[in-house]
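Structure record follows, encoded as structure tokens.
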Amino acid sequence: MQSPTRPLAAPDVRDALARCLYDGPGDPLAHDVTDHRPDDLRMSGILRRRAERMITALAAAGFVVTADGQLQQAA
């Protein structure tokens, strides 16, 4: 049995990065009760996955995102 993988950054850090990837009006991560599409088709899900991929790429390059959202070279 595999142990659950731990995220490379806290969800609030991931969401802050996801908001930076959006250049439209409003908050792209805000819940929209009128949007009945699955999460993987909503803008919020798309942006969160993009942010997770960016964080993963940074980690692969030797960087970490600290709990306070700072980017540092891994020790």
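Assess whether ARG6 counts as being part of a helix (DSSP H, G or I), open to solvent by 60 Å² or more (accessible area, probe 1.4 Å) and without any contact (Cβ under 8 Å) to a residue 40 or more places away in the chain.
It is false that ARG6 is part of a helix (DSSP H, G or I), open to solvent by 60 Å² or more (accessible area, probe 1.4 Å) and without any contact (Cβ under 8 Å) to a residue 40 or more places away in the chain.
Please find, among ARG53, ARG42, the residue that is loosely packed, with under 14 Cβ neighbours inside 10 Å and free of Cβ contacts under 8 Å to residues at least 40 places away in the same chain. Lay out the reasoning, then the answer.
Working: ARG42 fails: loosely packed, with under 14 Cβ neighbours inside 10 Å.
When all the criteria are applied, what remains is ARG53.
Mind telling me which of the residues ASP32, ASP27, ASP23, ASP15 ends up being free of Cβ contacts under 8 Å to residues at least 60 places away in the same chain and open to solvent by 80 Å² or more (accessible area, probe 1.4 Å)?
The unique qualifying residue is ASP23.
Suppose we filter segment 22-64 for residues that are under 26 Å from ALA75 (Cα atoms) and in a loop (DSSP other than H, G, I, E, B); how many remain?
2
Do you know which residues across segment 24-75 are of a type in the set (Asp, Glu), more than 14 Å from the chain's Cα centre (by Cα) and within 17 Å of ALA10 (Cβ to Cβ)?
Of everything in segment 24-75, just one residue is of a type in the set (Asp, Glu), more than 14 Å from the chain's Cα centre (by Cα) and within 17 Å of ALA10 (Cβ to Cβ), namely ASP68.
The values are calculated or read from the model by the stated rules, or taken from the named source; none is laboratory data. Please read these numbers as outputs of a predicted model, since none were measured by experiment. Don't worry about glycine lacking a Cβ; one is built from the backbone with ideal geometry, like all the others, and counts go over all protein chains shown. Quick note on the areas: whole protein, heavy atoms, side chains included, nothing else; ligands and nucleic acids left out. Shrake-Rupley method; radii C 1.70, N 1.55, O 1.52, S 1.80 Å.
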